[in-house]
1. Going through Thr57, Thr64, Thr135, Thr121 one at a time, which residue ends up being in contact with a Pro (Cβ under 8 Å, 6 or more places away or on another chain) and more than 12 Å from the ligand (Cβ to nearest atom)?
2. Test of understanding: among Thr377, Thr373, Thr400, which residue is of a type in the set (Ser, Thr, Tyr), modelled with pLDDT under 95 and in a helix (DSSP H, G or I)?
3. For segment 68-89, what are the residues that are within 16 Å of the ligand (Cβ to nearest atom) and more than 18 Å from Ala170 (Cβ to Cβ)?
4. If you take the residues of segment 54-73 that are in a helix (DSSP H, G or I) and open to solvent by less than 20 Å² (accessible area, probe 1.4 Å), which of them is farthest from Thr140 (Cα to Cα)?
5. Picking from Ser19, Ser32, Ser50, Ser42, which residue would you name as being open to solvent by less than 40 Å² (accessible area, probe 1.4 Å), hydroxyl-bearing (Ser, Thr, Tyr), outside any loop (DSSP other than H, G, I, E, B) and modelled with pLDDT under 95?
6. On the given criteria, is Phe237 within 15 Å of the ligand (Cβ to nearest atom), assigned to a strand (DSSP E or B) and aromatic (Phe, Trp, Tyr)?
7. Give segment 272-324 a look and list any residue that's of a type in the set (Asp, Glu) and either part of a strand (DSSP E or B) or under 30 Å from Pro37 (Cβ atoms) (or both), or say none.
8. Quick one: in segment 217-244, which of the residues that are at pLDDT below 95 and more than 22 Å from Thr279 (Cα to Cα) is surrounded by the most Cβ atoms within 10 Å (Cβ to Cβ)?
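The values are calculated or read from the model by the stated rules, or taken from the named source; none is laboratory data. These numbers were taken from a predicted model, which means no experiment stands behind them. Here the Cβ is made from the backbone with ideal geometry for all residues, glycine too, and neighbour counts use every protein chain on show. Protein only, heavy atoms only, side chains kept; ligands, DNA and RNA dropped before computing areas. Shrake-Rupley method; radii C 1.70, N 1.55, O 1.52, S 1.80 Å.
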Amino acid sequence: MPEVEGAAVPIQAKSSWSSFLKSIASFNGDLSSLTAPAFILSTQSLVEFSAYWAENTALFVAPTQEKDPAKRALLVLKWLLNTLKQQYYSRSEKLGSEKKPLNPFLGELFLGQWEDEFGVTRLVSEQVSHHPPVTAYSITNDKYRIRLQGYNGQKASFSRTINVKQIGHALLTIYPPGSDKKETYLITLPPLHIESLIYGAPFVELSKFIHIISSSGYISKIDFSGRGWVSGKKNSFTASLWKLGEGSEKNPLYSADGQWSDAFTLKEGEGKKAKAIETVKPSDVKLSKLNVAPVEEQDVFESRRAWRIVARSIEKGDMDATAHYKSRIENAQRVLRKKEQEENREWKRVFFSQANSSDEDEKAFQDLVKVATNLGTNSWDGVAPDKTAGVWRYDDQKATGAKKPFHEEGLLALGENPDGTSAPVSRVPTNQSSQVGG
Ligand code: HC3
């Protein structure tokens with residue numbers, strides 16, 4: 001093995017990395033409670049990760065233009081495979097390793113839009129629960145009549161490394177060309193684990209499998225396999241697409257294999273007789289730039305505005321300031337939660353509400369869940385209201401009325417005064433630690 005243990009760790013951080021490794025061996029499964037050394041902290045909040053689903057706008061809207069339902073399902077599979085590099089690899093590629101993202105506070109928002117030849121694709125991402133942490137999102141392009149929505153939380157455990165189970169699901173809704181009948185795709189979420197932790201250069205590897213289940217009857221299954229101890233390439237997968245009742249995973253209409261972070265091939269049929277259709281390189285796929293309002297124009301609850309001082313402190317490597325300003329937000333949030341409890345009221349979500357089980361869309365969704373369950377969900381925990389504080393759906397009515405300021409609590413929710421100084425309500429502690437948790 002050529003690598004040296006902890007080789008990517010800056011010399012001055014070696015001892016804090018060792019303490020970090022020791023601490024994760026006994027942590028409780030709540031990723032937000034991990035106290036990580038400075039060099040591994042990201043300035044980006046987890047609420048921003050929702051954008052990874054649709055940066056490839058051309059591929060995102062493509063299924064809406066395809067008349068044939070099997071080819072439409074293949075285009076959905078192609079889009080999804082292409083999102084994986086952004087979702088799970090882009091940060092390691094850009095920063096050299098996976099960093100620890102900021103833990104969103106309740107009500108944190110990330111709003112933006114992609115404006116390109118496909119029109120406007122709007123992103124809304126909202127932290128709908130803090131305990132347990134859950135992020136909900138919706139990505140809509142009205143011109144192409146497509147919406148992706150979903151929510152997710154994570155449950156972690158330690159066995160050799162950090163293993164993360166995702167809780168929640170994504171739902172893609174499109175209208176086939178010339179049709180006013182919705183077609184829905186239920187997308188399950190993959191478990192993941194962190195590789196190379198001991199070398200101080202962690203990166204994500206996906207495990208097990210996911211399904212894409214369409215209301216048109218087409219099923220895709222993606223099986224993930226990593227580099228392993230002896231052979232194999234990292235981020236490898238094989239995929240099959242078949243029609244329920246007509247084909248099977250082993251006898252599919254289409255298949256795909258390769259590396260989701262590098263290159264993969266879509267094929268007609270499977271195995272030796274398969275005919276290659278296209279080799280796709282996610283790095284060649286054009287990504288659209290998400291437009292986010294300048295920080296000074298953002299609402300208090302918008303992520304980059306809320307975390308700006310913490311992010312600046314991380315960039316400067318000032319860990320005392322990082323800990324101080326993070327605590328300021330956390331303490332202010334605790335005060336708000338206590339007040340809500342005393343007044344017996346709940347925090348108002350701006351864009352999302354609980355699913356209504358008597359709604360026709362929800363009944364159709366339950367049918368897709370049944371198919372997923374029958375196929376074998378492995379460790380997917382896609383509809384577990386007790387673990388995600390409910391089943392979250394984008395609420396068009398609420399969203400239409402949503403405008404800044406999104407919450408009357410304003411800056412007090414962050415423990416801040418308008419000039420950036422600390423508001424008394426937060427009771428900011430002086431934390432001198434060089435490791436930053438939460
Ligand atoms: C596990 C993870 C936080 C969760 C991230 C999720 C599952 C969030 C939803 C996105 O759609 C997909 C996604 C991608 C990456 C996942 C992150 C990778 C690492 C991070 C841990 C909390 C960080 C662990 C700390 C350290 C030091 C090992 O990086």
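1. After ruling out the rest, the residue left standing is Thr64.
2. Unique residue meeting the criteria: Thr373.
3. Listed by number, the list holds a single entry, Tyr89.
4. Taking segment 54-73 as the starting set, the residues that turn out to be in a helix (DSSP H, G or I) are 57-65, 69-73.
When the remaining residues are screened for being open to solvent by less than 20 Å² (accessible area, probe 1.4 Å), the result is 57, 60-61, 63-64, 70, 72-73.
Working: Thr57: 11, Phe60: 10, Val61: 10, Pro63: 14, Thr64: 13, Ala70: 23, Arg72: 18, Ala73: 19 Å.
Only one residue tops the list, namely Ala70.
5. One residue alone meets the criteria, Ser32.
6. Taking the combined requirement at face value, the residue does not satisfy it.
7. Selection gives Glu278, Glu302, Glu315, Asp318, Asp320.
8. Gly228
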